[in-house]
Structures are given as structure tokens and as C-alpha cells.
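To keep things clear, I will list the structure first and then write my remarks on it.
The values are calculated or read from the model by the stated rules, or taken from the named source; none is laboratory data. If you're wondering where the values come from, they're calculated on a predicted model, not measured in any experiment. Backbone-built Cβ (ideal geometry, glycine too); neighbour counts: all protein chains shown. Protein only, heavy atoms only, side chains kept; ligands, DNA and RNA dropped before computing areas. Shrake-Rupley method; radii C 1.70, N 1.55, O 1.52, S 1.80 Å.
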Amino acid sequence: DTPGHEAFSNLRQRGAKIADIVLLVVAAPDGVMPQTRESIQYIQGTGKPFIVVITKTDLVGVKIENVKKQLSEEGVLCEGSGGDVVCMEVSGKTGQGVDELLEMIVLVASINNVMGDATLEPEVIVVEETVESARGLVVRGIVKDGTLRRGDVLFDDGELGSVRGIFDEKGGSVGEALPGEPVEIIGLKRSPGVGTIIKSSEDRRDEEKVDKVEEVEKGQKLMRV
């Protein structure tokens with residue numbers, strides 16, 4: 001659910017790409033907007049399971065069936081309207097339908113076997129990056145697999161640096177983070193870029209060590225020559 005400006009196009013595309021289950025948020029009073037159509041194209045292109053979330057259903061005069069009809073014209077057929085796409089009706093103001101939505105996410109995850117494995121090497125999807133005066137580069141993301149721990153060395157195409165600190169969604173310092181948990185990471189030497197999947201790997205660390213040793217040996221040989 002983003003503004004329709006073109007500047008947000010990459011944000012919508014990235015969201016559909018990195019999510020395991022996509023929530024397509026449609027405001028009931030507005031119905032299907034240009035950015036909704038664009039989001040539908042991105043979602044359909046990924047082939048990932050998704051749930052339509054119709055919001056602001058507490059407002060007087062909203063017509064949910066009109067929204068579902070507009071969705072059907074875009075190829076999204078909701079359950080009860082001739083299709084099998086789950087459509088949930090919620091209100092952020094009253095909280096109506098939110099618990100049911102959370103239960104549905106768990107159900108869809110179970111049906112599609114969406115789960116993380118805490119025993120794998122950690123992978124983090126980068127969602128946002130900022131530079132702060134006190135903490136330096138702050139990388140915000142979600143742990144996709146594995147258990148991220150303080151001291152882990154992270155890589156994209158090359159080494160990013162070691163994790164000096166991990167913070168949870170409330171800003172509290174934690175020693176580790178499990179799959180599905182949002183994190184703030186400090187200590188990296190360079191920006192991996194939003195949308196990047198960064199990893200910690202013993203193999204990569206060993207490769208980096210070998211490369212550095214070979215580089216040093218090559219330099220020493222040149223000096224002797």
C-alpha cells in the first residue's frame with residue numbers, strides 16, 4: 001500500500017520479490033488504483049501466494065463487493081466471487097479482522113510450506129539502510145534463514161564486515177535473531193544495497209582467507225623479484 005508516484009515503483013516491486021507471502025492492501029474507499037494494478041502485476045510475476053487485505057472497512061458507505069469486482073477485472077478472483085484468492089476485510093482503526101488476518105497468514109504459510117530453518121547459515125534480506133552519527137551504517141532487514149549472531153561475518157559479492165550489534169524491532173540489543181525476525185545490524189563496513197540478500201558463510205570466510213594469503217604471497221614474490 002504505497003503512493004502511486006513512480007518513485008515508489010521499485011519499492012512495490014522489491015516488496016513482492018522478497019516476501020514469502022504477499023499482502024495486497026486495498027483501501028475500500030479508493031478501490032483498485034494504478035499502483036494496485038502495478039502491484040498485482042509484480043505479484044503475479046513472482047508466482048508467490050498472496051492475500052488481498054481490504055482496509056478501512058469501518059467507514060460508512062464502503063462497498064466491499066465493488067472492490068472485489070474491480071479486483072476481478074484485474075484477474076484477481078476472491079473466494080466467494082468465483083475464485084480462490086483469500087480476501088480479508090480489516091480496519092486499522094477498530095482492529096476488526098486483524099486477528100483473523102494473522103491466523104490466515106499462518107494458515108497460508110502452512111499450506112505453502114513457508115518456513116525458515118534456524119540451523120542453516122544465516123541469510124538477511126536488506127529492507128532499509130541509514131547512516132547515523134552515533135552508530136554509523138545501520139542495515140535493517142529480516143532474517144530469512146539461519147540464526148544471525150553478533151560477530152558473524154556477512155557477505156554479498158564480497159565481505160561486508162562483522163556484525164558488531166543486533167537490535168530487535170523495539171530497539172533492544174539482542175545476541176541473536178531467528179528466521180522471520182526483523183533486525184537492525186551495525187558494524188558493517190559498506191552498504192550492501194536495499195533488496196540484497198546478505199549471508200554469513202564459513203566457506204566464504206575460508207575463501208577470503210585463502211585469497212588474502214595468495215595475495216600476500218604474490219606480493220612477496222614480486223618484491224623478491
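Annotation for region 122-142: no member residue is open to solvent by 50 Å² or more (accessible area, probe 1.4 Å) and over 25 Å from S191 (Cβ atoms). Remark: pairs (first residue in region 185-211, under 13 Å from L137 (Cβ atoms) and of a type in the set (S, T, Y); second residue surrounded by fewer than 16 Cβ atoms within 10 Å (Cβ to Cβ) and modelled with pLDDT of 80 or more; Cβ separation under 9 Å; 6+ apart in sequence or on different chains) = S191/V131. Being within 16 Å of P29 (Cα to Cα) and either of a type in the set (V, I, T) or loosely packed, with under 11 Cβ neighbours inside 10 Å (or both) is the requirement here; does V76 meet it? Here the answer is no, as V76 does not meet what is asked.
For a quick check of your reading: which strands (runs of 3 or more DSSP E) sit entirely within region 82-201 and have at least 2 residues that are within 28 Å of V52 (Cβ to Cβ)? Don't jump to the end; show me each part of the working.
Values: elements: 86-89, 123-132, 136-145, 153-155, 159-162, 165-167, 182-186, 197-199.
Strands (runs of 3 or more DSSP E) meeting the threshold: 86-89, 123-132, 136-145.
All told, L101 falls short of being open to solvent by 80 Å² or more (accessible area, probe 1.4 Å) and either of a type in the set (A, V, I, L, M, F, W, C) or closer than 23 Å to L11 by Cα (or both). Among the candidates E176, E184, E207, the residue that is touching a Leu at 6+ places or on another chain (Cβ under 9 Å) and either loosely packed, with under 15 Cβ neighbours inside 10 Å or modelled with pLDDT of 95 or more (or both) is uniquely E176.
Of the candidates V62, V53, the single residue that is open to solvent by less than 50 Å² (accessible area, probe 1.4 Å) and modelled with pLDDT under 95 is V62.
Pairs meeting the criteria (first residue in region 104-115 and free of Cβ contacts under 8 Å to residues at least 40 places away in the same chain, second residue open to solvent by less than 90 Å² (accessible area, probe 1.4 Å) and of a type in the set (A, V, I, L, M), beta carbons under 9 Å, at least 6 apart or on different chains) are L107/V86.
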